[in-house]
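Here is the structure we will look at.
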Amino acid sequence: MHSFRYVGKELSCEGVTIASLVKKHGTPLYVYSQATLEDHFGKLHAALAPVDHLICYAMKANSNQAVMRVLANAGGGFDTVSEGELRRVIAAGGDPAKCVFAGVGKTEAEIEFALKAGIYCFNCESEPELQRINKVAARLKLIAPVAVRVNPNVDAGTHAKITTGTYENKFGIAFEQVEGVYARAAKLKNLRLRGIQTHIGSQLTSVKPFELAVKKLLPLVTKLKAKYNFEFFSIGGGLGIIYNPALASSDAKWWQSAAAKDILTPATYAARVVPLLKPLGLRILIEPGRFIVGNAGILITRVEYVKKTGKKNFVIVDAAMNDLIRPAFYDSYHEIIPLTKQGGATISSDVVGPICESGDYFCKDRPLPKVGEGDCLALLSAGAYGSVMGSNYNSRSLPTEVLVHGKQSAVVRTRQKVEDIWANESVASWLK
């Protein structure tokens, strides 16, 4: 569910019309709904109430300071993967003691910063990493809290670029090797074996892969808990959203025909995994990103031209793959709707951006209402992996971002000035 809907014929976010935001801030424009963020976080928190838990928002999905402050105020922690992300948490008013630090390539500088900041735990991806963390902690005369990320070799059936839980992926330590890794890590004097972690992939819209992974890990977790006095079990993130209401997108695969009881919601997720987890008596960590923020944001773009060829109707807009790369990168589906609700016939259209790449498109051969120059379109479900993956390709400025709360709206990121794109560049002295 989300708070973007037509009120009469005008698309609105909570109590604010999108047209009024476009008039004030221009396009391309990202709009976020605070009510949606709070609703998704709150429903997941309530569903997990039967177990002691901590929701660590995977901020790589959207690291805007305002988005993060909303979730920090709701009591959330954060899943970070770089020193920069951890610094963003602190800047946004988040608590480092509620943060985990993941990623396969942690540098010594990042480890040192995270230890000094007092993070909750490192999710470790290899034995060399455990040894490095121990070395840095010894130098600082600190004890580093760690958890090993277990790769359970469970195929989540998701897009190849966002699956993480098989032995073909770079993440985690193979299931069969984990006991030995913990035994060796236990001998490192500056490590505290605080828990165990897993994560099988992203954009999962079925409960089944989560259930399979938890069932596979339960005997191992139980055994290691008894041996090392674990405090938590992190079951990772990956909870997906429905990008296409008709389930016709490339984001959905084998679960298109899944039974209703298997479609992922906070209630169905908890109903299947909480009974498995509760007997452990451990704190349960979960690291969702897209599930919380994906449907909380939209991207607004203006039509610049309509170009008709013998076979195609091209709707050329002012947003591009540098603003929202998911369709170009993953061939992903985003629902596209006009700001003013329309009826009548549709036209098979390609919505494309101005960048000089054939991959710069948002949809192909999509039945859309007839639009013309100056009209605006909304790309829904753009809150996750949208602005955060933006770039300055073709020397294009990053767009304005706005947060809506009821009838209020505020700019939470100003449009980048063109000159700022090259502000940190310089010409070599011998070229002057």
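The values are calculated or read from the model by the stated rules, or taken from the named source; none is laboratory data. Bear in mind the structure is a predicted one, so any value in this text is a computation, not a measurement. Don't worry about glycine lacking a Cβ; one is built from the backbone with ideal geometry, like all the others, and counts go over all protein chains shown.
Details
- Qualifying positions in the stretch 206-229 - outside any helix (DSSP H, G or I), crowded, with 17+ Cβ neighbours inside 10 Å and at pLDDT 95 or above: none
So that you can scan it fast, the table gives a plain yes or no per residue for (1) surrounded by 12 or more Cβ atoms within 10 Å (Cβ to Cβ); (2) assigned by TED's automatic domain parsing to the domain that holds Asn322; (3) at pLDDT 95 or above; (4) assigned to a loop (DSSP other than H, G, I, E, B):
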residue: Pro367; (1), (2), (3), (4): no, yes, yes, no
residue: Glu373; (1), (2), (3), (4): no, yes, yes, yes
residue: Ala384; (1), (2), (3), (4): yes, yes, yes, yes
residue: Val388; (1), (2), (3), (4): yes, yes, yes, no
residue: Asn394; (1), (2), (3), (4): yes, yes, yes, no
residue: Ser397; (1), (2), (3), (4): yes, yes, yes, yes
residue: Val404; (1), (2), (3), (4): yes, yes, yes, no
residue: Ser409; (1), (2), (3), (4): yes, yes, yes, no
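- The stretch 83-104 - residue that is part of a loop (DSSP other than H, G, I, E, B) and touching a Ser or Thr at 6+ places or on another chain (Cβ under 9 Å) and, of those, nearest to Glu401 (Cα to Cα): Ala92
- Qualifying residues in the stretch 105-147 (those that are outside any loop (DSSP other than H, G, I, E, B) and either hydroxyl-bearing (Ser, Thr, Tyr) or closer than 18 Å to Gly236 by Cα (or both)) - the one farthest from the chain's Cα centre (by Cα): Pro145
- In the stretch 46-64, the residues that are surrounded by fewer than 18 Cβ atoms within 10 Å (Cβ to Cβ) and not in a loop (DSSP other than H, G, I, E, B): Ala46
- Restricting the stretch 86-108 to residues that are among the small types (Gly, Ala, Ser) and touching a helix residue (DSSP H, G or I) at 6+ places or on another chain (Cβ under 7 Å), the residue that is farthest from His53 (Cα to Cα): Ala91
- Residue list for the stretch 221-236, filter: among the aliphatic types (A, V, I, L, M) and under 15 Å from Val146 (Cβ atoms): Leu224
- Restricting attention to the stretch 172-201, the residues that are on the phi > 0 side of the Ramachandran plot and in a loop (DSSP other than H, G, I, E, B) total 1.
- Strands (runs of 3 or more DSSP E) fully within the stretch 296-357 counting 3 or more residues that are more than 30 Å from Asp39 (Cβ to Cβ), without any contact (Cβ under 8 Å) to a residue 60 or more places away in the chain and of a type in the set (Ser, Thr, Tyr): 346-352
- Checked against (1) modelled with pLDDT under 95; (2) of a type in the set (D, E, K, R); (3) on the phi > 0 side of the Ramachandran plot, Lys312 passes all but a single condition, namely (3).
- Index of the failed condition, Glu419 passing every other in (1) part of a helix (DSSP H, G or I); (2) closer than 25 Å to Ser33 by Cα; (3) of a type outside the set (A, V, I, L, M): (2)
- Among residues of the stretch 360-379 that are of a type in the set (Gly, Ala, Ser), those with a Cβ under 9 angstrom from a residue that is in a strand (DSSP E or B) and crowded, with 20+ Cβ neighbours inside 10 Å, sequence gap 6+ or separate chain, pair up as Ala378/Phe4; Ala378/Leu11; Ala378/Val31; Ala378/Ile298; Ala378/Leu299; Ala378/Ile300; Ala378/Thr301; Ala378/Ile336.
- Residues within the stretch 22-54 that are of a type in the set (Val, Ile, Thr) and in contact with a Lys or Arg (Cβ under 9 Å, 6 or more places away or on another chain), tallied: 3
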